[in-house]
Amino acid sequence: MPQDTILLAYSGGLDTSVCVKWLQEKHDARVVTLTVDLGMVDLEDIRSRALQTGAADALTVDGREDFVNEYVFPALQAGAIYEEQYPLATALGRPLIAKYMVEAARRVGAGAIAHGCTGKGNDQVRMDVSVGALDPRLKVIAPVREWGWNREEEMEYARSHGIPVEERKSRFSTDENLWGRSIEAGELEDPWLEPPEDAFAWTNPISKTPEEPTYLEIAFEGGLPFSLNGEEMRPVDLVQHLNALAGRNGVGRIDHIENRLVGIKSREVYESPAGVVLHAAHKALESMTLSKEQARMKRHVAGEYSDVVYNGLWFTAHRRDLTAYVESAQRHVTGSVRLRLHKGNCVVVGRKAAKGLYSHQLATYDRGDAFDHRASEGFIAIYGLPVRTQAREQGE
Ligand code: ARG
(Lines give C-alpha, C1' and ligand atoms only; values in the text may rest on other atoms or scores of the structure.)
Protein backbone atom coordinates (compact mmCIF):
# COMPACT_ATOMS: atom_id res chain seq x y z
CA MET A 1 0.00 0.00 0.00
CA PRO A 2 1.43 3.42 -0.87
CA GLN A 3 2.14 5.61 2.11
CA ASP A 4 -0.13 8.57 2.90
CA THR A 5 1.43 11.99 2.60
CA ILE A 6 1.32 14.49 5.46
CA LEU A 7 2.27 18.11 4.85
CA LEU A 8 4.05 19.63 7.83
CA ALA A 9 4.44 23.37 8.49
CA TYR A 10 8.16 23.51 9.20
CA SER A 11 10.10 26.28 10.93
CA GLY A 12 13.45 24.52 11.24
CA GLY A 13 13.33 24.51 15.04
CA LEU A 14 13.52 21.52 17.36
CA ASP A 15 9.76 21.00 17.69
CA THR A 16 8.99 20.77 14.00
CA SER A 17 12.14 18.73 13.34
CA VAL A 18 11.01 16.17 15.89
CA CYS A 19 7.56 16.30 14.24
CA VAL A 20 9.08 15.03 10.97
CA LYS A 21 10.31 11.81 12.61
CA TRP A 22 7.32 11.41 14.89
CA LEU A 23 4.88 11.62 11.96
CA GLN A 24 6.93 9.10 10.00
CA GLU A 25 6.92 6.68 12.93
CA LYS A 26 3.43 7.14 14.37
CA HIS A 27 1.55 7.61 11.14
CA ASP A 28 3.84 5.61 8.89
CA ALA A 29 3.58 8.57 6.53
CA ARG A 30 5.58 10.27 3.84
CA VAL A 31 6.31 13.71 5.32
CA VAL A 32 6.64 16.74 3.09
CA THR A 33 7.46 20.08 4.72
CA LEU A 34 6.46 23.60 3.82
CA THR A 35 8.31 26.64 5.13
CA VAL A 36 6.81 30.08 4.62
CA ASP A 37 8.86 33.26 4.65
CA LEU A 38 6.88 36.15 6.13
CA GLY A 39 10.13 38.00 6.76
CA MET A 40 13.33 37.13 8.65
CA VAL A 41 13.57 33.59 7.35
CA ASP A 42 16.46 31.89 5.54
CA LEU A 43 14.47 29.54 3.32
CA GLU A 44 17.43 27.67 1.84
CA ASP A 45 18.94 26.92 5.23
CA ILE A 46 15.63 25.63 6.60
CA ARG A 47 14.94 23.62 3.47
CA SER A 48 18.18 21.73 3.74
CA ARG A 49 17.56 21.11 7.42
CA ALA A 50 14.16 19.59 6.58
CA LEU A 51 15.73 17.25 4.03
CA GLN A 52 18.52 16.28 6.45
CA THR A 53 15.91 15.46 9.07
CA GLY A 54 14.30 13.03 6.63
CA ALA A 55 11.52 14.93 4.88
CA ALA A 56 10.60 13.39 1.52
CA ASP A 57 10.45 16.86 0.04
CA ALA A 58 10.81 20.37 1.40
CA LEU A 59 8.75 23.15 -0.14
CA THR A 60 9.19 26.85 0.43
CA VAL A 61 7.22 29.96 -0.33
CA ASP A 62 8.09 33.63 -0.10
CA GLY A 63 4.91 35.06 1.36
CA ARG A 64 6.18 38.53 2.23
CA GLU A 65 4.24 40.49 -0.35
CA ASP A 66 0.97 38.65 0.21
CA PHE A 67 1.47 39.08 3.92
CA VAL A 68 1.88 42.84 3.87
CA ASN A 69 -0.62 43.54 1.08
CA GLU A 70 -3.42 41.22 2.11
CA TYR A 71 -3.06 40.84 5.86
CA VAL A 72 -0.92 43.54 7.48
CA PHE A 73 -2.14 46.61 5.61
CA PRO A 74 -5.84 45.68 5.79
CA ALA A 75 -5.36 45.23 9.56
CA LEU A 76 -3.64 48.62 9.68
CA GLN A 77 -6.58 50.21 7.88
CA ALA A 78 -8.86 48.54 10.40
CA GLY A 79 -6.82 49.92 13.31
CA ALA A 80 -6.48 46.36 14.60
CA ILE A 81 -4.54 46.35 17.86
CA TYR A 82 -5.54 43.57 20.26
CA GLU A 83 -6.47 44.86 23.69
CA GLU A 84 -5.10 48.21 22.60
CA GLN A 85 -1.56 46.89 22.79
CA TYR A 86 -0.63 44.13 20.37
CA PRO A 87 -0.49 44.86 16.60
CA LEU A 88 -1.13 41.15 15.93
CA ALA A 89 2.00 40.15 14.00
CA THR A 90 1.87 36.45 14.86
CA ALA A 91 -1.92 36.33 14.67
CA LEU A 92 -1.99 37.81 11.16
CA GLY A 93 0.66 35.42 9.89
CA ARG A 94 -1.13 32.19 10.83
CA PRO A 95 -4.08 32.33 8.42
CA LEU A 96 -1.73 33.05 5.52
CA ILE A 97 0.48 30.11 6.48
CA ALA A 98 -2.67 27.96 6.69
CA LYS A 99 -3.69 29.12 3.21
CA TYR A 100 -0.32 28.18 1.70
CA MET A 101 -0.50 24.85 3.53
CA VAL A 102 -3.89 24.01 2.06
CA GLU A 103 -2.74 24.95 -1.45
CA ALA A 104 0.44 22.89 -1.11
CA ALA A 105 -1.44 19.92 0.38
CA ARG A 106 -3.50 19.80 -2.81
CA ARG A 107 -0.37 19.96 -4.96
CA VAL A 108 1.39 17.10 -3.17
CA GLY A 109 -1.77 15.04 -2.62
CA ALA A 110 -1.64 15.20 1.17
CA GLY A 111 -4.75 14.20 3.08
CA ALA A 112 -3.51 15.71 6.32
CA ILE A 113 -1.72 18.82 7.48
CA ALA A 114 0.50 18.95 10.55
CA HIS A 115 1.87 21.85 12.57
CA GLY A 116 4.05 22.29 15.63
CA CYS A 117 1.71 24.38 17.79
CA THR A 118 1.29 23.49 21.43
CA GLY A 119 -2.06 22.74 23.04
CA LYS A 120 -1.97 25.88 25.14
CA GLY A 121 -1.74 28.74 22.73
CA ASN A 122 -3.75 30.71 20.23
CA ASP A 123 -1.78 29.53 17.23
CA GLN A 124 -3.20 25.99 17.23
CA VAL A 125 -6.68 27.52 17.07
CA ARG A 126 -5.74 29.86 14.24
CA MET A 127 -4.19 27.04 12.21
CA ASP A 128 -6.90 24.43 12.81
CA VAL A 129 -9.81 26.81 12.27
CA SER A 130 -8.26 28.34 9.14
CA VAL A 131 -7.53 24.97 7.56
CA GLY A 132 -11.08 23.89 8.37
CA ALA A 133 -12.44 27.01 6.69
CA LEU A 134 -10.39 26.51 3.53
CA ASP A 135 -10.79 22.76 3.16
CA PRO A 136 -12.92 20.98 5.74
CA ARG A 137 -11.87 17.58 4.36
CA LEU A 138 -8.26 17.99 5.38
CA LYS A 139 -7.22 16.36 8.62
CA VAL A 140 -5.09 18.40 11.02
CA ILE A 141 -2.46 16.74 13.22
CA ALA A 142 -0.69 18.62 16.00
CA PRO A 143 2.02 16.27 17.30
CA VAL A 144 3.25 18.57 20.07
CA ARG A 145 -0.29 18.70 21.44
CA GLU A 146 -0.44 14.89 21.38
CA TRP A 147 2.93 13.75 22.59
CA GLY A 148 2.90 15.71 25.86
CA TRP A 149 6.68 15.52 26.41
CA ASN A 150 8.68 17.94 28.48
CA ARG A 151 11.78 19.46 26.99
CA GLU A 152 14.12 16.73 28.28
CA GLU A 153 11.95 13.95 26.84
CA GLU A 154 11.78 15.74 23.51
CA MET A 155 15.57 16.18 23.41
CA GLU A 156 15.96 12.52 24.23
CA TYR A 157 13.71 11.57 21.30
CA ALA A 158 15.66 13.94 19.06
CA ARG A 159 19.03 12.46 20.08
CA SER A 160 17.91 8.89 19.66
CA HIS A 161 16.54 9.69 16.20
CA GLY A 162 19.61 11.53 14.96
CA ILE A 163 18.04 14.97 14.92
CA PRO A 164 20.72 17.57 15.58
CA VAL A 165 19.95 19.29 18.87
CA GLU A 166 21.57 22.68 18.95
CA GLU A 167 22.36 24.30 22.21
CA ARG A 168 19.42 26.50 23.06
CA LYS A 169 20.06 29.97 21.69
CA SER A 170 17.76 31.73 24.06
CA ARG A 171 15.60 31.03 27.07
CA PHE A 172 12.72 32.83 25.39
CA SER A 173 10.22 31.50 22.91
CA THR A 174 9.99 33.83 19.95
CA ASP A 175 8.08 34.19 16.74
CA GLU A 176 8.78 36.82 14.13
CA ASN A 177 7.64 38.20 10.83
CA LEU A 178 7.73 41.58 9.10
CA TRP A 179 5.04 43.02 11.34
CA GLY A 180 6.73 42.18 14.59
CA ARG A 181 8.49 39.91 16.99
CA SER A 182 6.69 38.07 19.82
CA ILE A 183 8.70 37.04 22.88
CA GLU A 184 7.55 34.94 25.80
CA ALA A 185 8.64 32.46 28.48
CA GLY A 186 11.79 32.51 30.59
CA GLU A 187 11.70 35.16 33.28
CA LEU A 188 9.04 37.07 31.32
CA GLU A 189 6.59 34.70 33.00
CA ASP A 190 6.99 36.82 36.12
CA PRO A 191 4.78 39.82 35.34
CA TRP A 192 6.48 41.89 38.04
CA LEU A 193 9.86 41.62 36.37
CA GLU A 194 11.05 44.21 33.87
CA PRO A 195 11.85 42.51 30.55
CA PRO A 196 15.61 41.92 30.42
CA GLU A 197 17.50 43.67 27.64
CA ASP A 198 18.37 40.44 25.83
CA ALA A 199 14.68 39.73 25.20
CA PHE A 200 14.83 42.40 22.49
CA ALA A 201 16.40 42.11 19.07
CA TRP A 202 14.89 44.81 16.86
CA THR A 203 14.83 47.80 19.19
CA ASN A 204 17.65 49.67 20.87
CA PRO A 205 17.65 50.29 24.59
CA ILE A 206 17.21 54.01 25.28
CA SER A 207 20.86 54.28 26.27
CA LYS A 208 21.87 53.33 22.73
CA THR A 209 19.39 55.43 20.79
CA PRO A 210 20.55 58.51 18.84
CA GLU A 211 20.67 61.78 20.77
CA GLU A 212 18.97 63.65 17.92
CA PRO A 213 15.36 62.91 17.02
CA THR A 214 14.44 61.37 13.67
CA TYR A 215 11.63 63.06 11.75
CA LEU A 216 9.53 61.04 9.33
CA GLU A 217 6.87 61.88 6.80
CA ILE A 218 4.53 59.09 5.74
CA ALA A 219 2.01 59.53 2.94
CA PHE A 220 -1.20 57.49 2.67
CA GLU A 221 -3.74 56.96 -0.01
CA GLY A 222 -7.07 55.41 0.94
CA GLY A 223 -5.60 54.42 4.29
CA LEU A 224 -2.60 52.66 2.72
CA PRO A 225 0.90 54.01 3.30
CA PHE A 226 2.86 54.38 0.07
CA SER A 227 5.76 56.73 0.67
CA LEU A 228 8.35 57.52 3.30
CA ASN A 229 10.03 60.93 3.40
CA GLY A 230 8.80 61.65 -0.12
CA GLU A 231 10.11 58.41 -1.58
CA GLU A 232 7.55 55.95 -2.91
CA MET A 233 8.10 52.45 -1.64
CA ARG A 234 6.67 49.01 -2.10
CA PRO A 235 4.76 47.87 0.99
CA VAL A 236 7.37 45.31 2.10
CA ASP A 237 10.21 47.84 1.75
CA LEU A 238 8.26 50.50 3.60
CA VAL A 239 7.67 48.18 6.55
CA GLN A 240 11.32 47.07 6.58
CA HIS A 241 12.58 50.65 6.48
CA LEU A 242 10.31 51.67 9.32
CA ASN A 243 11.33 48.68 11.42
CA ALA A 244 14.95 49.80 11.09
CA LEU A 245 14.36 53.53 11.66
CA ALA A 246 11.97 53.17 14.57
CA GLY A 247 13.89 50.26 16.10
CA ARG A 248 17.05 52.36 16.12
CA ASN A 249 15.19 54.99 18.15
CA GLY A 250 13.93 52.39 20.62
CA VAL A 251 10.35 52.68 19.35
CA GLY A 252 8.08 49.63 19.24
CA ARG A 253 8.45 47.80 22.55
CA ILE A 254 5.19 46.53 24.03
CA ASP A 255 4.71 44.68 27.32
CA HIS A 256 1.30 43.04 27.36
CA ILE A 257 -0.60 40.88 29.83
CA GLU A 258 -2.97 39.38 27.31
CA ASN A 259 -6.10 37.28 27.41
CA ARG A 260 -5.58 34.18 25.33
CA LEU A 261 -8.49 32.51 23.61
CA VAL A 262 -7.94 29.34 25.67
CA GLY A 263 -8.70 31.27 28.84
CA ILE A 264 -5.21 31.91 30.22
CA LYS A 265 -3.66 35.27 30.88
CA SER A 266 -0.13 35.37 29.57
CA ARG A 267 2.63 37.92 29.48
CA GLU A 268 4.03 38.52 26.06
CA VAL A 269 6.52 41.16 25.05
CA TYR A 270 6.47 42.48 21.51
CA GLU A 271 8.64 44.50 19.21
CA SER A 272 6.73 46.10 16.41
CA PRO A 273 8.55 49.27 15.38
CA ALA A 274 6.82 49.68 12.01
CA GLY A 275 3.50 48.65 13.53
CA VAL A 276 3.63 51.29 16.25
CA VAL A 277 4.63 54.05 13.83
CA LEU A 278 2.15 53.15 11.10
CA HIS A 279 -0.77 52.77 13.48
CA ALA A 280 0.01 56.14 15.06
CA ALA A 281 0.28 57.79 11.66
CA HIS A 282 -2.85 56.15 10.28
CA LYS A 283 -4.88 57.10 13.33
CA ALA A 284 -3.69 60.69 13.04
CA LEU A 285 -4.82 60.85 9.44
CA GLU A 286 -8.21 59.39 10.30
CA SER A 287 -8.61 62.09 12.94
CA MET A 288 -8.43 64.60 10.07
CA THR A 289 -10.66 62.77 7.63
CA LEU A 290 -13.40 60.90 9.51
CA SER A 291 -16.42 62.58 11.04
CA LYS A 292 -17.00 62.19 14.77
CA GLU A 293 -19.61 59.47 14.13
CA GLN A 294 -17.46 57.60 11.62
CA ALA A 295 -14.55 57.72 14.07
CA ARG A 296 -16.71 56.31 16.86
CA MET A 297 -18.03 53.48 14.68
CA LYS A 298 -14.50 52.83 13.44
CA ARG A 299 -13.31 52.33 17.02
CA HIS A 300 -16.00 49.69 17.55
CA VAL A 301 -15.09 47.97 14.31
CA ALA A 302 -11.38 48.09 15.21
CA GLY A 303 -12.05 46.35 18.52
CA GLU A 304 -14.18 43.68 16.90
CA TYR A 305 -11.76 43.20 14.02
CA SER A 306 -8.77 42.73 16.32
CA ASP A 307 -10.64 40.12 18.38
CA VAL A 308 -11.57 38.30 15.17
CA VAL A 309 -7.93 38.22 14.04
CA TYR A 310 -6.59 37.27 17.45
CA ASN A 311 -9.17 34.52 17.86
CA GLY A 312 -8.34 32.78 14.59
CA LEU A 313 -11.43 33.82 12.64
CA TRP A 314 -9.72 35.37 9.59
CA PHE A 315 -11.48 33.17 7.05
CA THR A 316 -15.02 33.99 8.11
CA ALA A 317 -17.95 35.90 6.72
CA HIS A 318 -17.79 38.13 9.80
CA ARG A 319 -14.25 39.28 9.02
CA ARG A 320 -15.21 39.91 5.40
CA ASP A 321 -18.14 42.07 6.44
CA LEU A 322 -16.00 44.08 8.84
CA THR A 323 -13.48 44.55 6.03
CA ALA A 324 -16.20 45.97 3.80
CA TYR A 325 -16.93 48.63 6.41
CA VAL A 326 -13.25 49.39 6.88
CA GLU A 327 -12.61 49.73 3.14
CA SER A 328 -15.52 52.09 2.75
CA ALA A 329 -14.37 54.18 5.71
CA GLN A 330 -10.90 54.54 4.18
CA ARG A 331 -11.90 56.25 0.95
CA HIS A 332 -10.78 59.73 2.04
CA VAL A 333 -7.95 58.68 4.35
CA THR A 334 -5.45 60.27 2.01
CA GLY A 335 -2.71 62.64 3.09
CA SER A 336 0.52 62.86 5.04
CA VAL A 337 1.62 62.58 8.63
CA ARG A 338 4.80 63.85 10.22
CA LEU A 339 6.24 62.03 13.21
CA ARG A 340 9.15 62.42 15.56
CA LEU A 341 10.98 59.36 16.82
CA HIS A 342 13.14 59.99 19.84
CA LYS A 343 14.29 57.94 22.83
CA GLY A 344 11.60 55.29 22.58
CA ASN A 345 8.79 57.68 21.76
CA CYS A 346 6.85 58.04 18.57
CA VAL A 347 4.95 61.32 18.46
CA VAL A 348 2.74 62.66 15.70
CA VAL A 349 3.73 66.28 15.11
CA GLY A 350 1.84 67.17 11.93
CA ARG A 351 -0.88 65.97 9.59
CA LYS A 352 -2.49 67.15 6.38
CA ALA A 353 -5.20 65.67 4.17
CA ALA A 354 -6.43 66.60 0.71
CA LYS A 355 -10.07 66.16 1.73
CA GLY A 356 -9.61 66.76 5.43
CA LEU A 357 -12.47 67.99 7.58
CA TYR A 358 -10.29 70.33 9.60
CA SER A 359 -11.05 73.88 8.58
CA HIS A 360 -8.66 76.58 9.71
CA GLN A 361 -11.30 79.20 8.95
CA LEU A 362 -13.68 77.58 11.37
CA ALA A 363 -11.13 76.71 14.04
CA THR A 364 -9.10 79.91 14.22
CA TYR A 365 -9.25 82.43 17.08
CA ASP A 366 -7.47 84.95 14.88
CA ARG A 367 -8.61 87.19 12.06
CA GLY A 368 -10.39 85.33 9.26
CA ASP A 369 -12.70 83.51 11.66
CA ALA A 370 -15.69 82.30 9.61
CA PHE A 371 -17.60 80.67 12.45
CA ASP A 372 -20.91 82.39 13.22
CA HIS A 373 -20.65 83.02 16.97
CA ARG A 374 -24.19 84.42 17.20
CA ALA A 375 -25.67 81.23 15.70
CA SER A 376 -24.54 79.41 18.85
CA GLU A 377 -27.21 81.16 20.87
CA GLY A 378 -30.03 79.53 18.91
CA PHE A 379 -28.18 76.23 18.81
CA ILE A 380 -27.78 76.18 22.58
CA ALA A 381 -31.39 77.29 23.16
CA ILE A 382 -32.65 74.18 21.40
CA TYR A 383 -29.88 71.80 22.41
CA GLY A 384 -30.43 72.66 26.09
CA LEU A 385 -34.23 72.67 25.83
CA PRO A 386 -34.88 69.16 27.20
CA VAL A 387 -32.39 69.74 30.02
CA ARG A 388 -34.17 72.92 31.13
CA THR A 389 -37.59 71.29 30.78
CA GLN A 390 -36.61 68.38 32.94
CA ALA A 391 -34.95 70.61 35.55
CA ARG A 392 -38.08 72.72 35.74
CA GLU A 393 -40.42 69.75 36.16
CA GLN A 394 -38.34 67.35 38.18
CA GLY A 395 -35.59 69.33 39.83
CA GLU A 396 -31.96 68.34 39.21
N1 ARG B 1 0.76 35.83 22.04
C2 ARG B 1 0.90 36.03 20.64
C3 ARG B 1 -0.33 35.60 19.90
O4 ARG B 1 -1.11 34.90 20.44
C5 ARG B 1 2.14 35.37 20.07
C6 ARG B 1 2.16 33.87 20.13
C7 ARG B 1 3.48 33.24 19.72
N8 ARG B 1 4.53 33.70 20.59
C9 ARG B 1 5.72 33.13 20.75
N10 ARG B 1 6.55 33.77 21.52
N11 ARG B 1 6.08 32.03 20.19
O12 ARG B 1 -0.52 35.97 18.78
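Observations, loosely collected:
- Selection count, the range 35-80, where residues are assigned to a loop (DSSP other than H, G, I, E, B), surrounded by fewer than 20 Cβ atoms within 10 Å (Cβ to Cβ) and not β-branched (Val, Ile, Thr): 4
- Taken over the range 33-72, the criterion of being within 20 Å of Ser182 (Cβ to Cβ), of a type outside the set (Asp, Glu) and out of contact with any Pro (no Cβ under 6 Å at 6 or more places or on another chain) is satisfied by Thr35, Val36, Leu38, Gly39, Met40, Val41, Ile46, Gly63, Arg64, Phe67, Tyr71, Val72.
- Condition check for Leu43: in contact (Cβ under 8 Å) with a residue 24 or more places away in the chain and within 27 Å of Val269 (Cα to Cα): no
- Residue check, Lys169 more than 16 Å from the ligand (Cβ to nearest atom) and either among the β-branched types (Val, Ile, Thr) or open to solvent by 90 Å² or more (accessible area, probe 1.4 Å) (or both): no
- Matching entry among Gly222, Gly250, Gly230, Gly312 (being free of Cβ contacts under 8 Å to residues at least 60 places away in the same chain and on the phi > 0 side of the Ramachandran plot): Gly230
- Of all residues making up the range 233-259, the number that are away from the ligand (no atom under 16 Å from the Cβ) and touching a helix residue (DSSP H, G or I) at 6+ places or on another chain (Cβ under 9 Å): 18
- Qualifying residue in the range 287-295 (condition: open to solvent by 40 Å² or more (accessible area, probe 1.4 Å), of a type outside the set (Val, Ile, Thr) and either under 22 Å from Trp179 (Cβ atoms) or in contact (Cβ under 8 Å) with a residue 60 or more places away in the chain (or both)): yes
- Flag if Thr214 is within 16 Å of the ligand (Cβ to nearest atom) and either in contact (Cβ under 8 Å) with a residue 60 or more places away in the chain or hydroxyl-bearing (Ser, Thr, Tyr) (or both): no
- Tally of residues being in contact (Cβ under 8 Å) with a residue 12 or more places away in the chain, assigned to a helix (DSSP H, G or I) and at negative phi across the range 172-207: 6
- For the range 369-376, the criterion of being surrounded by 11 or more Cβ atoms within 10 Å (Cβ to Cβ) and part of a helix (DSSP H, G or I) is satisfied by at least one residue.
- Matching residues in the range 1-34 - criterion: being in contact with a strand residue (DSSP E or B) (Cβ under 9 Å, 6 or more places away or on another chain), of a type in the set (A, V, I, L, M) and either open to solvent by 10 Å² or more (accessible area, probe 1.4 Å) or part of a strand (DSSP E or B) (or both): Ile6, Leu7, Leu8, Ala9, Val31, Val32, Leu34
- All positions within the range 81-135 that are more than 9 Å from the ligand (Cβ to nearest atom), on the phi > 0 side of the Ramachandran plot and either polar (S, T, N, Q) or in contact with a helix residue (DSSP H, G or I) (Cβ under 9 Å, 6 or more places away or on another chain) (or both): Glu83, Glu84
- Taking (1) within 16 Å of Val326 (Cβ to Cβ); (2) open to solvent by 30 Å² or more (accessible area, probe 1.4 Å) in turn, Arg253 satisfies each apart from (1).
- Among the residues of the range 81-127, the ones that are in contact (Cβ under 8 Å) with a residue 24 or more places away in the chain, under 19 Å from the mean Cα position of the chain (by Cα) and assigned to a helix (DSSP H, G or I) come to 16 in all.
The values are calculated or read from the model by the stated rules, or taken from the named source; none is laboratory data. Because the structure is a prediction, the values reported are computed rather than measured. Cβ: placed from backbone, ideal geometry, glycine included. Neighbour counts: every protein chain shown. Keep in mind that these areas ignore ligands, DNA and RNA; they rest on the heavy atoms of the full protein, side chains included. Shrake-Rupley method; radii C 1.70, N 1.55, O 1.52, S 1.80 Å.
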